[in-house]
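Quick notes on the structure that follows.
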Amino acid sequence: EHVAADEAARFAGYGRQFAAIQARKSKKYGVGRALHRKQLTAAQGSLTVLDDLPDFARHGLFAAPGAFEVQVRLSNGGLDRAPDRTPDIRGFAIRVVGVDGDAALGNGPALSQDFTLINQEMFACPKSEEFVAFVVAAASGGGALLKFMFRRYGLFGAPARILKLIQTVGKPFGGFATEPLFSAVPMACGPYAVRVRLVPSDANGAAKEGAKEDWNADFSARLAKHALQWDLQLQPFVSEALTPIEDASVNWPSAYTTVARLTLPKQDTTSRKGQALATALEAAVFDPWHALAAHRPLGDVQRARKVVYFESQKGRGAA
């Protein structure tokens with residue numbers, strides 16, 4: 001990692017900007033997160049760590065085979081509570097509880113190992129500064145965002161950036177049970193660095209036409225009929241040239257290895273128990289820094305997240 005001398009001050013500024021956006025949106029929609037405000041589904045299940053893993057993977061959560069309780073929160077990534085058919089980033093957050101080890105934040109034993117995954121294999125921007133500037137502009141509406149794009153990237157650069165943005169948020173998505181999801185940014189795995197991918201089992205079923213009208217209905221209907229399953233995979237760092245830690249926009253070319261299996265058993269998300277879980281997870285924290293020290297988040301984007309997520313949690317009374 002390469003930590004800039006001014007990071008602490010910059011990240012504190014980012015936190016204030018996100019807190020202000022979150023406060024404005026909460027006046028409109030009620031108390032909630034800055035990003036990934038619209039929760040779609042909450043569910044619970046287990047994560048089974050496999051045996052005979054390669055050396056780079058056998059650390060922290062994956063040091064030995066075993067089973068852990070998990071809770072998952074599915075969400076749309078935007079600042080607003082928009083209709084599901086609106087183009088957006090989709091989020092799949094996992095909290096693994098019952099872990100054993102020191103916390104990445106250095107505040108005692110870890111209470112959980114969280115993974116925050118999206119339907120994009122790499123991050124939209126190389127660094128946090130560009131992403132924060134984009135979100136601040138987007139929070140003020142389409143006109144402000146368009147002005148920002150031309151001001152930042154120029155008359156000739158802006159159209160290409162706008163096209164890339166459209167392609168990113170408009171990427172075809174068949175549903176949370178049928179699409180792979182990614183950490184997009186790295187974390188530690190002991191002395192190594194890795195990225196994370198979640199790959200759905202074929203047994204989850206194929207994508208269904210019209211699912212985008214209601215992602216919760218699609219996912220919950222599948223869960224009401226049968227268990228859903230995914231392979232959790234790790235992708236190792238190879239070199240700074242091919243798999244950079246500090247440039248989050250580079251897609252790593254190294255191969256993924258399956259290290260665990262996520263299973264959500266058949267359950268009724270509309271039941272009293274299911275709705276109680278949804279309420280609890282809406283108020284809960286899913287944060288990549290809620291992690292084992294062996295899985296400390298890495299890179300500029302992840303370091304900025306530590307500050308911004310904490311400000312968001314304070315803003316909704318979750319910290």
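Descriptive notes on the structure:
- With the convex hull of the Cα atoms taken as the outline of the range 47-149, the averaged projected area works out to 9.3 nm².
- Each residue of the range 254-270 was assigned a 3J(HN,Hα) from its phi angle through the Karplus curve 6.51 cos²θ - 1.76 cosθ + 1.60 (θ = phi - 60°); the sequence is 5, 6, 8, 10, 6, 10, 7, 10, 8, 10, 10, x, 3, 7, 9, 6, 8 Hz, with glycine and proline shown as x.
- Accessible area in the full protein assembly, largest first, 1.4 Å probe, for R151, R303: R151, R303
- Proximity of backbone amide H atoms, modeled 1.01 Å from N, is registered between F286 and no other residue at under 5 Å, excluding neighbours fewer than 5 places apart on the same chain.
- Distance between the range 162-229 and the range 263-290 - C-alpha centres, whole angstrom: 17 Å
- The residue among A144, A188, A177 whose Cα reaches farthest toward the positive pole of the charge dipole of the range 131-224, with charges on the beta-carbon of Lys, Arg, Asp and Glu, is A144.
- C-alpha center-to-center spacing [the range 117-145, the range 48-109] in angstrom: 23 Å
- Charge tally for T269 (other residues, Cβ to Cβ under 14 Å; Lys, Arg +1; Asp, Glu -1): +2.
- The range 1-83: C-alpha gyration tensor shape, a/c 1.5 cut-off, then a/b vs b/c: oblate
- For the range 211-319, the Cα gyration tensor yields ellipsoid semi-axes of 31, 22, 13 Å (square root of five times each eigenvalue, largest first, whole Å).
- Distant-in-sequence amide H partners of I89 (H built 1.01 Å from N, under 5 Å): G77, G78
- Cα gyration tensor, the range 197-249 - rounded (a/c under 1.5), prolate or oblate: prolate
- Measuring nothing but alpha carbons in the chain and taking Rh as the Kirkwood radius, the Rg to Rh ratio lands at 0.94.
- The range 92-214: relative contact order as a whole-number percent, Cα under 8 Å and 6+ apart: 23 percent
- Å² of accessible area per residue within the chain, as computed with a 1.4 Å probe and no ligands counted: 45 Å²
- Taking Lys and Arg as +1 and Asp and Glu as -1, the other residues whose beta-carbon sits under 11 Å from that of F131 total -1.
- Using θ = phi - 60° and Karplus 6.51 cos²θ - 1.76 cosθ + 1.60, couplings along the range 27-34 (whole Hz; Gly, Pro as x): 5, 7, 10, x, 4, x, 6, 6
- Neighbourhood net charge (12 Å Cβ-Cβ; Lys/Arg +1, Asp/Glu -1) for E213: -1
- Ranking T270, T168 from most to least accessible surface, computed with a 1.4 Å probe over the protein chains only, gives T270, T168.
- Entries of K208/K273; K208/K314; K171/K273; K28/K266; K266/K314 with Cα pairs more than 32 Å apart: K208/K314; K171/K273; K28/K266; K266/K314
- Farthest towards the positive end of the charge dipole of the range 68-176, among the residues L79, M122, A160, is the Cα of A160, using unit charges on the Cβ of Lys, Arg, Asp and Glu.
- Proximity of backbone amide H atoms, modeled 1.01 Å from N, is registered between L117 and F92, A93, I94 at under 5 Å, excluding neighbours fewer than 5 places apart on the same chain.
- For the range 1-85, chymotrypsin sites (Phe, Trp or Tyr not before Pro) are listed when DSSP marks them as loop and at most 13 other Cβ atoms sit within 10 Å of their Cβ; the list is empty.
- With every protein chain in place, the chain: carbon and sulfur % of accessible area (1.4 Å): 57 percent
- Burial order of peptide ranges 199-210, 115-126 (average beta-carbon count within 10 Å, highest first): 115-126, 199-210
- Per-residue SASA entry for W289, accessible area with 1.4 Å probe, Å² rounded to 10: 10 Å²
The values are calculated or read from the model by the stated rules, or taken from the named source; none is laboratory data. Since the structure is predicted, the reported quantities are computational estimates derived from the model, not experimental observations. Positions of Cβ are generated from backbone atoms using ideal geometry, with glycine treated the same way; all protein chains shown enter the neighbour counts. For the accessible areas, the whole protein counts, side chains as well, though only heavy atoms, and no ligand, DNA or RNA atoms are used. Shrake-Rupley method; radii C 1.70, N 1.55, O 1.52, S 1.80 Å.
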